[in-house]
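J.: One structure follows; several queries about it will come next.
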Amino acid sequence: MRKINVFDTSLRDGEQMPGIALTVKEKLEIARQLERLGVDIIEAGFPASSPGDFQAVKEIAETVKGSSITGLARAKKSDIDSAWEALKSSAEPRVHVFLATSPIHMEHKLKLTPDQVVERAVESVRYAAEKFPHVQFSAEDANRSEWPFLKRIIEAAIDAGASVINLPDTVGYRTPEEISKLFEFVTENVKNIDRAILSTHNHDDLGMGVANSLAAISAGAGQVECTINGIGERAGNAALEEIAVALQIRSDYYQAKTGLKLSELKRTSALVSRLTSMNVPGNKAVVGANAFAHESGIHQDGMLKNKETYEIITPELVGATSTLPLGKHSGRHAFKTKLNELGFSGSDEKLQTIFSAFKQLCDKKKEVTEDDLYALIADATDDQDSTAYELTALQVTYGMNHVPTATIRLKKQDDSEIEEAGTGSGSVEAIYNTLAKMTGGNYSLADYRIQSVNGGEDALAEVHVRIKADDFEQSGRGVAHDVLEASAKAYLHAVNRVIARKHYAKREMAKVES
Ligand code: KIV
Ligand code: ZN
């Protein structure tokens, strides 16, 4: 079996998805979970793109030692310098230099001739190799590039010191057969390819990201780049969990394996979904809520007789069994052990908040599940210093022939309280109009989604919102037993994150100016 290196780019390409804006702390939490999952390489961000990205990559490089950490850099010295400053303390410093090689990108975006592109690639890779023990070179839009030119630039990049060559399908244009042919061409024609690992990186514009990644692996790729839940630019990237499970279940066909701990997949998916506020559709392969649900009578009958009649993946394989040996009589110690198992590593104060919410939920809900615990953890693990406003009271009056009215009390960071009432054409609008008045921002609602954490009448409600603030969008989530309370919490969560982001940007600006 060939070992395939898994390169996760959820925190870089995934984070480029509209509406996702993770805090440094959230990125660190995801990176720790990726390490637990056994990802070989974590692309933690693009250090030169913003001070926030730089800081996140730096903290991840300083903290996560079980995976190799990398950062993206354009083919220019200042980007590579910035990546080095962020990554130099990592266990195995690695940089990912990219430069476009397709005619359309070279002519219209870079405005460079092919010769100039080769020159710049060589210069950058050589410069990066003076600092980093591992240099990856990506020929951006490789899949729409001319093959003889690709051969030339790959050979030059390897000679300059690249040990990984990535051939991305940047716009998700190719079919599996075409990707196979490209990888076979490169393997057979690039004369020094034995000195590098070939990597594949596929976008999902035509829904073929995972199939293309698997085809590339069959045709010789030794590294696969992907994201949790397939998050990423436009239609997203190839989904890590689908590639990993396909390689495992069809190892007879692919003759390749990863070093991943597959039982961490469901947990990783849930964490990324919560922190990014990107829902996992119920029918999503491997990690969707229905991936192991058998609805029709014929299927259920078959399953009872022999599970293999309708189940090629077991829920246990991906950690999707949600048994919770805890209830309202459980003690704090057992609760803490369970939370640690789920990846919680917060303070005792946070633990106490989640424990109290758990006890309250046990009084309201017949069966508390692991998914409920994930929701409670996510609800309670926000940065203390990014909580400008906290919801302390909410009352909504609604009648068919009355104007809905919300009365809300909020606690501010200095512990003072403010109270306000407002109206709207519906209950949620009344809440949001009131909160907008109280928090003083000029926000508009870009998206509002509601879902139950588990089925059943007593399920927890989870609300995801996206608000537009000036020139960017910010997501927020809220969990509560009541839909309106969850709605208010989600909006406040987004507002708090906008305020934290602005404070952070101001602080960084002040540092630069001084
Ligand atoms: O899709 C792409 O081409 C990329 C590169 C930066 C590798 O994300
Ligand atoms: Zn990409």
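The values are calculated or read from the model by the stated rules, or taken from the named source; none is laboratory data. Since this is a predicted model, take the numbers as computed values, not measurements. Cβ coordinates were reconstructed from backbone atoms using ideal geometry, including for glycine residues, and neighbour counts include every protein chain displayed. Please note that ligands, DNA and RNA were not included when accessible areas were found on the heavy atoms of the full protein model with its side chains. Shrake-Rupley method; radii C 1.70, N 1.55, O 1.52, S 1.80 Å.
J.: Going through the range 221-250 one residue at a time, which ones are among the small types (G, A, S), in contact with a strand residue (DSSP E or B) (Cβ under 6 Å, 6 or more places away or on another chain) and away from ligand 1 (no atom under 13 Å from the Cβ)?
T.: Within the range 221-250, A221, G222, G230 meet the criteria.
J.: Continuing with this model, one more query. Does E295 meet the test of being open to solvent by 80 Å² or more (accessible area, probe 1.4 Å) and more than 24 Å from K338 (Cβ to Cβ)?
T.: Yes.
J.: If you don't mind, there's one more thing I want to ask. Of the residues G319, G302, which single one is of a type outside the set (S, T, Y), touching a Ser or Thr at 6+ places or on another chain (Cβ under 9 Å), modelled with pLDDT of 85 or more and surrounded by 13 or more Cβ atoms within 10 Å (Cβ to Cβ)?
T.: G319
J.: Can I ask one more? Looking only at residues that are surrounded by 22 or more Cβ atoms within 10 Å (Cβ to Cβ) and of a type in the set (G, A, S) in the range 1-47, which one is nearest to ligand 2 (Cβ to nearest atom)?
T.: G14
J.: Could you say whether any residue in the range 79-93 is closer than 30 Å to E146 by Cα and open to solvent by 60 Å² or more (accessible area, probe 1.4 Å)?
T.: Taking every residue of the range 79-93 in turn, none turns out to be closer than 30 Å to E146 by Cα and open to solvent by 60 Å² or more (accessible area, probe 1.4 Å).
J.: Inside the range 409-442, can you point out the residues that are touching a helix residue (DSSP H, G or I) at 6+ places or on another chain (Cβ under 9 Å) and assigned to a loop (DSSP other than H, G, I, E, B)?
T.: Q413, G424, G441, N442
J.: Further question: Being closer than 26 Å to V403 by Cβ and either touching a Cys at 6+ places or on another chain (Cβ under 9 Å) or surrounded by fewer than 15 Cβ atoms within 10 Å (Cβ to Cβ) (or both) is the filter here, so list the residues in the range 429-477 that pass it.
T.: Selection gives K437, G440, N442, S444, D447, R449.
J.: On to the next question. Could you grab the pairs with beta carbons closer than 9 Å, sequence gap of 6+ or different chains, first residue in the range 29-51 and without any contact (Cβ under 8 Å) to a residue 12 or more places away in the chain, second one open to solvent by 40 Å² or more (accessible area, probe 1.4 Å)?
T.: That search, which allows pairs on different chains as well, returns S50/A505.
J.: Would you pick out the residues in the range 212-222 that are surrounded by fewer than 24 Cβ atoms within 10 Å (Cβ to Cβ) and either hydroxyl-bearing (S, T, Y) or within 14 Å of ligand 2 (Cβ to nearest atom) (or both)?
T.: Selection gives S218 alone.
J.: When you look at A216, is it of a type outside the set (F, W, Y), touching a Pro at 6+ places or on another chain (Cβ under 6 Å) and either free of Cβ contacts under 8 Å to residues at least 60 places away in the same chain or in a strand (DSSP E or B) (or both), yes or no?
T.: Values: of a type outside the set (F, W, Y): yes; touching a Pro at 6+ places or on another chain (Cβ under 6 Å): no; either free of Cβ contacts under 8 Å to residues at least 60 places away in the same chain or in a strand (DSSP E or B) (or both): yes.
In short, no.
J.: Let me ask something else. Can you tell which of V272, V287 is part of a loop (DSSP other than H, G, I, E, B), surrounded by 13 or more Cβ atoms within 10 Å (Cβ to Cβ) and either touching a residue at least 12 places away in the same chain (Cβ under 8 Å) or in contact with a strand residue (DSSP E or B) (Cβ under 9 Å, 6 or more places away or on another chain) (or both)? Lay out the reasoning, then the answer.
T.: On the way: V272 fails: part of a loop (DSSP other than H, G, I, E, B).
One residue alone meets the criteria, V287.
J.: Among the residues of the range 443-495, what is the count of those that are without any contact (Cβ under 8 Å) to a residue 24 or more places away in the chain and not in a strand (DSSP E or B)?
T.: The qualifying residues number 4.
J.: Is it fair to say A488 is surrounded by 15 or more Cβ atoms within 10 Å (Cβ to Cβ), in contact with a helix residue (DSSP H, G or I) (Cβ under 7 Å, 6 or more places away or on another chain) and within 24 Å of S416 (Cα to Cα)? Outline the logic, then answer.
T.: Values: surrounded by 15 or more Cβ atoms within 10 Å (Cβ to Cβ): yes; in contact with a helix residue (DSSP H, G or I) (Cβ under 7 Å, 6 or more places away or on another chain): yes; within 24 Å of S416 (Cα to Cα): yes.
Taking the combined requirement at face value, the residue satisfies it.
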